[in-house]
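**Q** One structure follows; several queries about it will come next.
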């Protein structure tokens, strides 16, 4: 596992995969299945893994957190960067900060929540987390009401932020006044697009940010990596053609739940058995399984053909 300080070059070298977390029938961590998923992603060129919303770390027990960190730290390849998440509630993230001090993760992402929170309180909580954990945080901007660009910039200016995951959904990703303001206040090289392959081309081209996170990359890491390289090379036609290959599964995620559809897709494609979904989430209705199965297996077939 990479333990060195994260640089803008790191954020450009790999799509940032946001995988689900595999669990056994009794909800314990399924180490063998999680290892399969990690190896599948690494074999497709992925070297940054962010365990956050898709892993349902919103609902993880603090008592399980050290076990998860130990597994990730010892399972990832030497050059793979692992970013765990904390929170979203203040007490949880502070307990997790104390646990993180026993490991060598160079950063951790603070999961966002809108209730009960206020932007100034979010900034204060992140300051407290960084002080206690001894590492900078990844700021996850997922909603306009979570934190302002000005407060985000103040955290960056004080050296508390490793990088920013920007994931405010817009009908037209090119029309985004908050992202426009953010890139005017913060070095865009530490900002990544946080909504998968679909807006990545627009975000990187029009706003000059540095990389992107994705969930469907867990199924098709080679294709997502090729798309990233095409964007960086300015080959928009190739990037757009690759982006369209993710649409069937991404459309299902957008329609029915990004977390739950991906959780099922990884298992249905035969990549790893993700097991039951940790409450407070629940499995999807049975009538959605067939379309997810078709989309996931079709995307995996395209992935294997590209290798």
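Conditions tested, residue by residue: (1) outside any strand (DSSP E or B); (2) in contact (Cβ under 8 Å) with a residue 40 or more places away in the chain; (3) surrounded by fewer than 24 Cβ atoms within 10 Å (Cβ to Cβ); (4) under 19 Å from the mean Cα position of the chain (by Cα).
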| position | (1), (2), (3), (4) |
| --- | --- |
| 213 | no, yes, no, yes |
| 225 | yes, yes, yes, yes |
| 229 | yes, no, yes, yes |
| 234 | yes, no, yes, no |
| 254 | yes, no, yes, yes |
| 259 | yes, yes, yes, yes |
| 262 | yes, yes, no, yes |
| 266 | yes, yes, no, yes |
| 270 | yes, no, yes, no |
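**Q** Since residue 283 meets every condition but one in (1) in a loop (DSSP other than H, G, I, E, B); (2) out of contact with any helix residue (DSSP H, G or I) (no Cβ under 6 Å at 6 or more places or on another chain); (3) at pLDDT 95 or above, which condition does it not meet?
**A** Here residue 283 meets the rest and fails (3).
**Q** Moving on to the next point. Can you find even one residue in the stretch 48-67 that is over 19 Å from residue 89 (Cβ atoms), in a helix (DSSP H, G or I) and in contact with a helix residue (DSSP H, G or I) (Cβ under 8 Å, 6 or more places away or on another chain)?
**A** no
**Q** Return the residues of the stretch 14-35 that are part of a helix (DSSP H, G or I), surrounded by fewer than 17 Cβ atoms within 10 Å (Cβ to Cβ) and out of contact with any helix residue (DSSP H, G or I) (no Cβ under 7 Å at 6 or more places or on another chain); say none if nothing qualifies. Spell out how you get there, then give the answer.
**A** So the first thing to find is which residues in the stretch 14-35 are part of a helix (DSSP H, G or I), and the list is 31-35.
With surrounded by fewer than 17 Cβ atoms within 10 Å (Cβ to Cβ) added as a condition, the list becomes 31-32, 35.
Result: 32, single match.
**Q** In addition: Out of 99, 16, 60, which single residue is under 20 Å from residue 211 (Cα atoms) and touching a residue at least 12 places away in the same chain (Cβ under 8 Å)? Spell out how you get there, then give the answer.
**A** Values: 99 fails: under 20 Å from residue 211 (Cα atoms); 60 fails: under 20 Å from residue 211 (Cα atoms).
Step by step, each of 99, 16, 60 is checked, and only 16 is under 20 Å from residue 211 (Cα atoms) and touching a residue at least 12 places away in the same chain (Cβ under 8 Å).
**Q** Suppose we keep only residues that are farther than 23 Å from residue 251 by Cα and touching a strand residue (DSSP E or B) at 6+ places or on another chain (Cβ under 7 Å) within the stretch 149-181. Which one would you say is surrounded by the fewest Cβ atoms within 10 Å (Cβ to Cβ)?
**A** The residue in question is 160.
**Q** Give the residue that is nearest to the chain's Cα centre (by Cα), with candidates limited to residues of the stretch 154-189 that are in a loop (DSSP other than H, G, I, E, B) and closer than 23 Å to residue 133 by Cα. Write out each step before concluding.
**A** Let us first name the residues in the stretch 154-189 that are in a loop (DSSP other than H, G, I, E, B), namely 158-160, 167-176, 186-187.
Right, trim to closer than 23 Å to residue 133 by Cα and you get 158-160.
Working: 158: 24, 159: 22, 160: 19 Å.
Applying the filter and picking the extreme gives 160.
**Q** From the list 1, 41, exactly one residue is touching a strand residue (DSSP E or B) at 6+ places or on another chain (Cβ under 8 Å), outside any loop (DSSP other than H, G, I, E, B) and touching a residue at least 40 places away in the same chain (Cβ under 8 Å). Which is it? Spell out the reasoning first.
**A** Details: 1 fails: outside any loop (DSSP other than H, G, I, E, B).
Selected residue: 41, the only one of 1, 41 that is touching a strand residue (DSSP E or B) at 6+ places or on another chain (Cβ under 8 Å), outside any loop (DSSP other than H, G, I, E, B) and touching a residue at least 40 places away in the same chain (Cβ under 8 Å).
**Q** Could you tell me which residue of the stretch 272-284 is surrounded by the fewest Cβ atoms within 10 Å (Cβ to Cβ), considering only residues that are touching a residue at least 40 places away in the same chain (Cβ under 8 Å) and under 17 Å from residue 296 (Cβ atoms)? Break it down into steps so the answer makes sense when it comes.
**A** As a first pass, look at the stretch 272-284 and keep what is touching a residue at least 40 places away in the same chain (Cβ under 8 Å): 272-281.
Narrowing further to those that are under 17 Å from residue 296 (Cβ atoms): 272-275, 277.
Numbers: 272: 22, 273: 16, 274: 23, 275: 21, 277: 21.
Only one residue fits best here, namely 273.
**Q** Of all residues being more than 18 Å from the chain's Cα centre (by Cα) and either in a loop (DSSP other than H, G, I, E, B) or free of Cβ contacts under 8 Å to residues at least 24 places away in the same chain (or both) in the stretch 80-96, which is surrounded by the fewest Cβ atoms within 10 Å (Cβ to Cβ)? Just the residue, please.
**A** Going through the stretch 80-96, the residues more than 18 Å from the chain's Cα centre (by Cα) turn out to be 89-92, 94-96.
So of that shortlist, the ones also either in a loop (DSSP other than H, G, I, E, B) or free of Cβ contacts under 8 Å to residues at least 24 places away in the same chain (or both) come out as 89, 91.
Numbers: 89: 15, 91: 10.
In this case the residue turns out to be 91.
**Q** Could you check the stretch 126-148 and list, in sequence order, the residues that are outside any loop (DSSP other than H, G, I, E, B) and buried (at least 21 other Cβ atoms within 10 Å of the Cβ)? Let's see the steps before the verdict.
**A** Taking the stretch 126-148 first, the residues outside any loop (DSSP other than H, G, I, E, B) are 126-133, 137-141.
Listed by number, the residues that qualify are 126, 129, 130, 133, 137, 138, 139, 140, 141.
**Q** Next question, about the same structure. Does the stretch 99-112 hold any residues that are in a loop (DSSP other than H, G, I, E, B) and over 20 Å from residue 154 (Cβ atoms), and which are they? If you could, list the steps in order and put the result at the bottom.
**A** We begin by selecting, within the stretch 99-112, every residue in a loop (DSSP other than H, G, I, E, B); these are 101-107, 111-112.
101, 102, 103, 104, 105, 106, 111 - these are the residues of the stretch 99-112 that are in a loop (DSSP other than H, G, I, E, B) and over 20 Å from residue 154 (Cβ atoms).
The values are calculated or read from the model by the stated rules, or taken from the named source; none is laboratory data. Given the structure is predicted, the values throughout are model-derived calculations rather than measurements. Glycine also receives a Cβ, built like all others from the backbone with ideal geometry; neighbour counts cover every protein chain displayed.
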